[in-house]
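Visitor: Quick one: this structure, given as structure tokens, is what I'll be asking you about.
The values are calculated or read from the model by the stated rules, or taken from the named source; none is laboratory data. For clarity, every value in this text was computed on a predicted model and none was experimentally measured. Note that each Cβ is placed from the backbone with ideal geometry, even for glycine, and that neighbours are counted across all protein chains shown.
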Amino acid sequence: MSIRLIKLILENFKGVQSFVFEPDGQDVTVLGSNGVGKTTLYDAYCWLLFGKDSAGRSDSSFDVKPYGREQPVCTVTGEFDAGAEGCVILQRQLAEKVVRQRGTEETSIKNDYSFHINGVPKPKTQYDQYIAELCPAKYFQMVSDPDYFAGKLKWSDRRHILTELFGEVDERELLSASEEWKPLLTAVEANTIADFRAILTAERKKVRSDLDMIPALISEAEKAIPSEIQIFDPEVIAAAEAELAEAEQRRADIKNGTAVVELKAKLGEAEIDLARSESEYLNSDEYRMASKKVADIDDVRRKALAETYYFEAERHKADMSLEDANNKLDRLRSEYGEIKDMELPRDSETCPHCGQALPPEKLEQIRADFNRRKSERLEANVAAGKAARAEADKAKSECQRLEAELDSATKRLDDAECQLKKAQAEQSKLRSYRDTEEYNFKKALIDSIKKEIEEARADTEKQLGCVDAEISLINRRLAEFREAAAQQVTAERQRRRMDELKGQGRELGRRAAELDKLLDMCARFEQHKLSAIEESVNSRFKYARFKLFDHQLNGGWSECCEVVVDGAPYSTNLNPGKKINAGLDIVSVLSSAIGFSAPVWIDNSESYVSIMDIEAQVIRLKVDSSVDKLTVMQ
């Protein structure tokens, strides 16, 4: 879309009371001496569209209203040729509005804005939305001010816009264009070169770190090799182990000698025979009946003892209940006397409010109520006393019953204990099995066998001592052999570790060389890509050139975005004429790229001898000291 300014009408805007600017969509030059309002035209144009002046300041930061006028109405109206949109008339108006504070008499003046599109009033949001669709604010200054993109915009934003519009380079196409980059084309897969380079750099760092550790690991493995290693035949250990097994077998044979085994078997038979004889004696009729009688009487005694414990506890509970009932009776008797002695208080015969004597009928009613309540309390006390007396009688009866039960249980316990003593005396008269001749004979046989076992064991212990000494000697020799074998195994393992580390070092060195080669290729490709990007961007412009990368002494590069004309940087050594033409070249190319052009305002155009032609409408603001009011020339 291309828009051209047809007419711009200023009313009470800044220092201009009224002015109609009619370029009619053509390139024009506005003449005037300093201070007559040339820049004000540009400010009004920008304020109409975006509410800011030509320097990008909002109307809260610059004075829209003229000085010295009370409540002026500032209005800017613009008529534009918007191509397919046709003629568009926009208006922004600022008036002062007197506002009264709620609840007070104080007033204040506030700004009141109004907006019109083609004569139709619109809210600010719709107005701003329409402007954004007509001329996007993001690009407006870039295509209106020749110095904005090259001189005012931050270099990073400038670079972003250029690469966004013109700097896209397909890495895979660049890689495929030359055999030089073929190794990278197959290696990067789905990554970008920058990502692939980051992957390689991280791997190279790890490889270098691992490679640097190899010498220390080899030294550590070498130090772990024992200084003195005894070389011996493994069959020596096998022979010593066989000798140890033979000695341990001899020890087992001695420990399990037949003499001791036979004596232990004989001892077991004798002890079993003794136990069987004792069991038969204890199970005889006479002995069994005496034992049963003692057990039966003891059961009766235990039961009688339990009953005495039970009745003693129950009698204690009944005693406590009787005591509680008697205490309650005493309390009720005392309360009865207190209630019976109660009399009507003297102050009840007078009025509690005025102190006068109560009428006889009222006094009689009070006495009747008092006597009724006293009678009710006495009746309640008597009823409670009867209930307490019944409880006391019941508790006393229970105490007497439990006392009789306890006496009966105590008598049964005494009888059982007497009978138990007699039965135990009768049982004690029976001869114990251990007092019999049979027991003494069999016990003597067992003791004799035990003595024989002790003597046999003493001889066995002597033989075991000799074999144990032999086994201990063999174990010491085996420990020495195994220690030497372990040292030999450790030495062999550490030598293998050293060989493995040396192999890893060679492999890491080979991989490090491969990574260095790929990283160098990535760096060269990125240089190639940088040149391609700069070439892609610069091919769009006729006059201006862009330096997008700054090559450093260490071979690296950093991003930048410097406008250059004939080798001279725009920001430092470029004269005004070349600057304006470079700016117009940029405006023309950006307008074409984004598909939008707007009137280009050139301030101080008297400084430029020759200005390149562009398709957009150009409005020159030129100082002419001989012209004392704004003059428009085609």
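Visitor: Please give the number of the condition residue 569 fails out of (1) surrounded by 15 or more Cβ atoms within 10 Å (Cβ to Cβ); (2) without any contact (Cβ under 8 Å) to a residue 60 or more places away in the chain; (3) closer than 14 Å to residue 158 by Cβ; (4) not β-branched (Val, Ile, Thr).
Guide: The failed condition is (1).
Visitor: Something else: In the stretch 613-634, how many residues are of a type outside the set (Lys, Arg) and either part of a strand (DSSP E or B) or surrounded by 14 or more Cβ atoms within 10 Å (Cβ to Cβ) (or both)?
Guide: Initially, the stretch 613-634 is screened for residues of a type outside the set (Lys, Arg), giving 613-619, 621, 623-628, 630-634.
Add one more test, that the residue is either part of a strand (DSSP E or B) or surrounded by 14 or more Cβ atoms within 10 Å (Cβ to Cβ) (or both), and what stays is 614, 616-619, 621, 623-624, 627, 630-633.
Qualifying residue count, the stretch 613-634: 13.
Visitor: Between a residue in the stretch 478-494 that is closer than 11 Å to residue 226 by Cα and any residue that is in a helix (DSSP H, G or I), which pairs come within a Cβ distance under 6 Å, given they are 6 or more apart or on different chains?
Guide: Final answer for the pair search is 494/221.
Visitor: Then there is this: Just give me the residues in the stretch 21-42 being surrounded by fewer than 18 Cβ atoms within 10 Å (Cβ to Cβ) and either closer than 10 Å to residue 632 by Cα or not assigned by TED's automatic domain parsing to the domain that holds residue 631 (or both), in sequence order.
Guide: 22
Visitor: Could you figure out which of (1) surrounded by 22 or more Cβ atoms within 10 Å (Cβ to Cβ); (2) charged (D, E, K, R); (3) touching a Ser or Thr at 6+ places or on another chain (Cβ under 8 Å) isn't true of residue 14?
Guide: (1)
Visitor: Related question: Take the residues in the stretch 182-193 that are under 17 Å from residue 527 (Cβ atoms) and touching a residue at least 24 places away in the same chain (Cβ under 8 Å); name whichever of them is nearest to the chain's Cα centre (by Cα).
Guide: Selected residue: 193.
Visitor: Name the pairs: first residue in the stretch 592-607 and closer than 19 Å to residue 50 by Cα, second residue aromatic (Phe, Trp, Tyr), Cβ to Cβ under 7 Å, at least 6 apart or on different chains?
Guide: Listed pairs, sorted by first residue: 596/139; 598/140; 601/42.
Visitor: May I pose another question? Yes or no: the stretch 359-376 includes at least one residue that is more than 23 Å from residue 323 (Cα to Cα), without any contact (Cβ under 8 Å) to a residue 24 or more places away in the chain and not in a helix (DSSP H, G or I).
Guide: There is at least one residue in the stretch 359-376 that is more than 23 Å from residue 323 (Cα to Cα), without any contact (Cβ under 8 Å) to a residue 24 or more places away in the chain and not in a helix (DSSP H, G or I).
Visitor: Further question: With at pLDDT 75 or above, under 42 Å from the mean Cα position of the chain (by Cα) and farther than 30 Å from residue 487 by Cβ as the only criterion, which of 179, 171 stands out? Steps first, answer last, please.
Guide: Details: 179 fails: under 42 Å from the mean Cα position of the chain (by Cα).
After ruling out the rest, the residue left standing is 171.
Visitor: Specify which of the listed residues (523, 491, 513, 532) is surrounded by fewer than 13 Cβ atoms within 10 Å (Cβ to Cβ), assigned to a helix (DSSP H, G or I) and of a type in the set (Gly, Ala, Ser).
Guide: On the way: 523 fails: surrounded by fewer than 13 Cβ atoms within 10 Å (Cβ to Cβ); 491 fails: surrounded by fewer than 13 Cβ atoms within 10 Å (Cβ to Cβ); 532 fails: surrounded by fewer than 13 Cβ atoms within 10 Å (Cβ to Cβ).
Just a single option satisfies the conditions, and that option is 513.
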